[in-house]
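Asks: My structure is below; once you've seen it, I'll send some questions.
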Amino acid sequence: MRVGQLMVRFLLTGDNSTGSIAALELTVPGAQRLPAPAHSHDHYEETIYGIDGVLTWTVDGKQLDVGPGQALCIPRGAVHRFDNNEAGEVINEAAGGPPDRAKMEEIMRRHGLTPAPPSASAIALQ
């Protein structure tokens with residue numbers, strides 16, 4: 001399911017877990033934020049587990065970065081939201097042009113990705 005630029009894939013729902021858990025995978029492009037306003041959950045906690053990239057979560061006014069292998073437990077009643085700031089900053093700096101390759105490569109390396117050389121990238125796009 002798409003929500004704006006976000007992609008949501010439900011892995012487990014309350015209907016097939018006797019209402020005890022829901023699990024979903026959320027793909028968030030750079031510079032995106034949750035299209036809904038900050039919110040809380042009155043009846044359950046929320047646990048975030050980072051797989052790739054970094055999301056900046058704001059929980060009760062405190063910003064926390066969650067990256068690969070990190071978890072964040074949001075208590076019930078805590079007001080929260082997220083932003084994907086990391087690559088978004090570099091993309092926004094480009095003002096519609098191509099982003100700074102060196103900055104993007106640094107972000108990629110920090111998250112275990114190996115950028116292809118420019119000539120290989122151009123061939124892959126053809």
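The values are calculated or read from the model by the stated rules, or taken from the named source; none is laboratory data. This one's a predicted model, so the numbers in the text were calculated from it and none came from an experiment. All Cβ positions, even for glycine, are placed from backbone atoms using ideal geometry, and neighbour counts span all protein chains on display.
Asks: Suppose we filter Arg81, Arg33, Arg101 for residues that are basic (Lys, Arg), modelled with pLDDT of 75 or more and under 25 Å from Leu11 (Cβ atoms); which single one remains?
Replies: Details: Arg33 fails: modelled with pLDDT of 75 or more; Arg101 fails: under 25 Å from Leu11 (Cβ atoms).
Result of the check over Arg81, Arg33, Arg101: Arg81.
Asks: Now for a separate question. Any idea how many residues of region 37-87 are crowded, with 16+ Cβ neighbours inside 10 Å and either touching a Cys at 6+ places or on another chain (Cβ under 6 Å) or of a type in the set (D, E, K, R) (or both)?
Replies: Count: 3.
Asks: When the residues of region 36-78 are filtered to those that are among the hydroxyl-bearing types (Ser, Thr, Tyr) and modelled with pLDDT of 80 or more, which remaining residue is farthest from the chain's Cα centre (by Cα)?
Replies: Just the residues of region 36-78 that are among the hydroxyl-bearing types (Ser, Thr, Tyr), to begin with: 40, 44, 47, 49, 56, 58.
After this cut, where a residue has to be modelled with pLDDT of 80 or more as well, the list is 40, 47, 49, 56, 58.
Values: Ser40: 18, Thr47: 14, Tyr49: 10, Thr56: 8, Thr58: 13 Å.
Step by step, filter region 36-78, then rank; the result is Ser40.
Asks: Then there is this: Keeping to region 42-73, report how many residues are without any contact (Cβ under 8 Å) to a residue 40 or more places away in the chain and either in contact with a helix residue (DSSP H, G or I) (Cβ under 8 Å, 6 or more places away or on another chain) or closer than 21 Å to Met7 by Cα (or both).
Replies: First, pick out the residues of region 42-73 that are without any contact (Cβ under 8 Å) to a residue 40 or more places away in the chain: 42-51, 55-66, 69-73.
If we keep only those that are either in contact with a helix residue (DSSP H, G or I) (Cβ under 8 Å, 6 or more places away or on another chain) or closer than 21 Å to Met7 by Cα (or both) too, we end up with 46-51, 55-58, 65-66, 69-72.
So the count comes out to 16.
Asks: Need the failing condition index for Arg9 against (1) part of a loop (DSSP other than H, G, I, E, B); (2) over 24 Å from Gly77 (Cα atoms); (3) modelled with pLDDT of 75 or more, just the number.
Replies: (1)
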